[in-house]
Each structure stands twice: as structure tokens, then as C-alpha cells.
Amino acid sequence: MSPNTWVIEMNSHKSRSFTHPQAHPRSQLSNDAFARRAVSNDNPVFEDISTILSVLKASGLLPFYEQLSSYEVGPPSKTNEFYSFFVRGVVHALTIFNIYSLITPNSAQLFFSLRETDNVNQWIELLLCIFTYTLTVFVCARNTKSMLEIMNEILKLDKEVLRQFGVVLSNNCHFSVKFLVVIVCCQAYIMVLRIYAVKGVITPTSYILIAFYAFQNGLTATYIVFASALLRIVCIRFHFVNQLLNAFTYVQQQKLAKKSRRQPPVSKMEHFPEDSLFIYRTHNKLLRIYKSINECCSLIIVCFLGYSFYTVTTNWYNLFVQITNNKGIISAHILQWCLAWLCLHTSLLALLSRSCGATTYEANSTSQILARVYGKSKEFQNIIDKFLTKSIKQEVQFTAYGFFAIDNSTLFKIFSAVTTYLVILIQFKQLEDSKLEEQVQNEV
């Protein structure tokens, strides 16, 4: 049974209402690292990622949704929908123009490598960049409603937590702005390096190719940061649920029992049946949100992983070629070019792997924490057994379109594959060099 269809059957209990946030004794379970007390009704939706949302909306990857309240967003207006369609049309037109330019002599001055293997690598890298961004635009246009539903589900969940426990969950996604700055700086620096590397007078076509190439790379990377931020938001809410459930574990209850002689305990096991209903319901909602994010972003992520893998491989190969050809001496231009690409893609891969790994860990930790819940009566044990029966065979994973799971080990696996394919490219280069030497000897 899918986790999204989990239904926890339990005896009905009289629901308690908390009219004041301070009246709930377990509100002290919230941690300042992911929850704050201050509530403001005029805060923008997803304030921590508002900058990156503005970039994606301006580029047409996300719609200009209407903010109905602090806990609800609405569909875009007709004018905003027309703007998104117009931007996507311009993007597709430029993509067709770039592909046409790549197969004509207009782009010849952008290819300064002398060997056939190197030129093929550059062509494949450019085509992968174009394909990845074009696919990102198509998938974002198709998943517009799904993305708005995901945002609304997160906001509704936050509203329920506020009503139930009197806390406002934070997002802690300020890293998105830092990564956005890194993306802009890296792409601007790469554009400058590319322009300075071109010999002769640069044609307008070359300027368009360079600028749009940087634009495609920048927006694709920005969407990866956005997906990582969404996973971070879900991870924080999984952690909140796990912390609430952790208060009922055997160790925690033993500590509270020792303190109860001097002061009333913060949490009591008699509240577990009704609190567990809220925890299970919230956990199921988070699983649905987690699955929806995976469905919306997995195809884009698997293409980006392939593009990043190839870019990292070719840049390491470029460094090797320069070192071997120049007897250990490498030009400053090539070194800066390769380091800029490696820094950008390695940081994005690390961010994505960490976000997926952390969210998956928190989602799978709920059943482990529940197994340690302290239960004296048979009623508590029945509630725990029903949840564990549903989840014991269900392992939550964030996958790259079902091909493989993305977690903390993904970065290591990618660099292991990079090493393997780097050896293959080096062997092709050595084979090409040997053929050139044979031709030279035959001519002599």
C-alpha cells in the first residue's frame, strides 16, 4: 500500500481546542531552529525563497500566482498567464535559433579546440545544456497547477500547526539567495572568459550564443536550487512531527516521570491518542507533498544530473589535456574556466544530494521514533502497531525519475562515474595521438 493512502483507524477521542497559543503545554516542544513565535498576517508567502521565486516567475518557469492570504495562493490572472506564454515562446524561438547556429559556420569561432574528440565534447555539452533547459521549460509549463497545489498544501499544513500548537514554522531557506548569487557570478565570469577566448571580431550571432548559453545554465541551476529549497521546507516539517512524537518515547517519559515529583510534566501519555491522530495525519500529508515534488521535479533533475555529470567530466578532461600537452603548465584562462564550472556544478550537486538525503532521513525516522514510544496500555500499543504495520515495508525515497535514489551518497557515486568515464576519454585521446603520429611518420 502506498504511504499516500495510509489511513490510521483508531478510537474516537474528544478533541481539545486551544484558543490561545500559550495554552498548549506541548508548544514548548518546538525548537527555535525551525519555529518562531511571532505571527504576522502580512508576511509574503514563502518569504525565505521570495527572491528565487521572483526570478523563476520572471523567466516563465513559475506562474505569477496571486497571494490570497498568508496561508493560501491562487492561480495567476489572464495577464500573467499571457506573460508566461510569451516568455516561453521567446525562449523556444531562441533555442531553435541557437541549434541552427550551431550547425552553421556562424559558431565556428566559439570552438577553439584542435582535436576532434575535444570538439565533439563541446558540441555534446552545448546540446545537453539546450536540451536540459528546454525540457525544464516544458515540464514547468505542464506542472503549473501541481506546483501551486504543493505550495498550498504546505501553507495549509502550516496553518494547522499554528492552530494546533501555536507556532509558525520557518523555512530556513536563506541559502537559496547565496546560491543565486553564486550562479550569477559564475555565469557572468564564464561569459567574460568565453568572450576573451574568442579570436578576432565577435559576431552578433556569437554574442547571442554566449549570452543565451549562460542564461540557460543559470535558470536551470536556479530551478535546482528551488527544488532543494522545497525539499528543505518539507524536511523541517518532518522534523517538527518527529520532535512532537519524540516527546512520547520511553526515554523522554522516564525523564518526565523523575521531574514530575517537583513539577508537572510537560507532556502526558494520556494525550497520545488524540495527538497521534494529528501526527499521523500530518505525516501522511507530508508524504503526499514529498511525492508530488518528486513527480514534478524528477525529470528535470535526472536531465540536470546527466548534464552536470558530463560537464564535470569534460572539464576534468580539459585540465588533463592542457597539462599533458604543455608538460605540466596550464594557462590561467583554462584553469579559471574549468574551476568556475566545477565549482558551480559541484555545489549544486552537493546541495541537491544533501536536501534529498535529509528529507528522506526525516521521513523514514518517524516509524523508528514511533517504535520507541512508551505505551503502558493496550490502547497505545494498538495505535502504534497500526502505524508500524503500514510503514514497516514502505521506504520513502526521492528518485531521479525512478532510475536511482538521490541521497547523501549520490555525489560520491557521480564522481566515481566521472573517474571511470575520464579514463575512457583519456584512452580515446591517446588513440587519436597515436594515429596522428603514425600519419606524420608515414608522410616523412
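The values are calculated or read from the model by the stated rules, or taken from the named source; none is laboratory data. Please read all numbers here as calculations on a predicted model, not as lab measurements. Cβ atoms come from the backbone with ideal geometry, glycine included; neighbour counts cover every protein chain shown. Surface areas here come from the heavy atoms of the whole protein model, side chains and all, with no ligands, DNA or RNA. Shrake-Rupley method; radii C 1.70, N 1.55, O 1.52, S 1.80 Å.
What the table below lists for this structure:
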{"item": "Residue list for segment 392-444, filter: more than 27 Å from the chain's Cα centre (by Cα), of a type in the set (Lys, Arg) and open to solvent by 60 Å² or more (accessible area, probe 1.4 Å)", "result": "LYS435"}
{"item": "Options SER228, SER260; residue that is of a type in the set (S, T, N, Q) and modelled with pLDDT of 90 or more", "result": "SER228"}
{"item": "Condition check for PHE138: part of a helix (DSSP H, G or I), aromatic (Phe, Trp, Tyr), under 28 Å from ILE96 (Cα atoms) and within 19 Å of the chain's Cα centre (by Cα)", "result": "yes"}
{"item": "Any hit, segment 194-206, residues being out of contact with any Gly (no Cβ under 8 Å at 6 or more places or on another chain) and crowded, with 21+ Cβ neighbours inside 10 Å", "result": "no"}
{"item": "Flag if SER84 is modelled with pLDDT of 50 or more, open to solvent by 30 Å² or more (accessible area, probe 1.4 Å) and not in a loop (DSSP other than H, G, I, E, B)", "result": "no"}
{"item": "Identity of the residue in segment 130-169, open to solvent by 20 Å² or more (accessible area, probe 1.4 Å) and acidic (Asp, Glu), that ends up nearest to THR222 (Cα to Cα)", "result": "GLU149"}
{"item": "Residue satisfying condition, being among the aromatic types (Phe, Trp, Tyr), in a helix (DSSP H, G or I) and under 19 Å from the mean Cα position of the chain (by Cα), within set TYR223, TYR207, TYR213, TYR189", "result": "TYR223"}
{"item": "Segment 326-350 residues that are in contact (Cβ under 8 Å) with a residue 24 or more places away in the chain and within 30 Å of ASN408 (Cβ to Cβ), paired with ones that are assigned to a helix (DSSP H, G or I) and among the aromatic types (Phe, Trp, Tyr) (beta carbon under 6 Å, 6 or more apart)", "result": "ALA340/TYR189"}
{"item": "Conditions (1) open to solvent by 40 Å² or more (accessible area, probe 1.4 Å); (2) in contact with a Gly (Cβ under 8 Å, 6 or more places away or on another chain): number failed by GLN187", "result": "(1)"}
{"item": "Residues (farther than 21 Å from LEU127 by Cβ and either at pLDDT below 90 or surrounded by 13 or more Cβ atoms within 10 Å (Cβ to Cβ) (or both)) located in segment 87-113", "result": "VAL87"}
{"item": "Meets criteria (more than 29 Å from LEU305 (Cβ to Cβ), in a loop (DSSP other than H, G, I, E, B) and either at pLDDT 85 or above or among the charged types (D, E, K, R) (or both)) for LYS393", "result": "no"}
{"item": "Near pairs, Cβ below 7 angstrom, 6+ apart or cross-chain, from segment 410-426 (farther than 16 Å from LEU351 by Cβ) to any residue that is hydrophobic (A, V, I, L, M, F, W, C) and buried (at least 17 other Cβ atoms within 10 Å of the Cβ)", "result": "ALA417/PHE309; VAL418/PHE309; VAL418/VAL312; VAL418/TRP316; LEU422/TRP316"}
{"item": "Residue that is modelled with pLDDT under 80 and either part of a helix (DSSP H, G or I) or touching a Leu at 6+ places or on another chain (Cβ under 9 Å) (or both), where the choices are LYS386, LYS435", "result": "LYS386"}
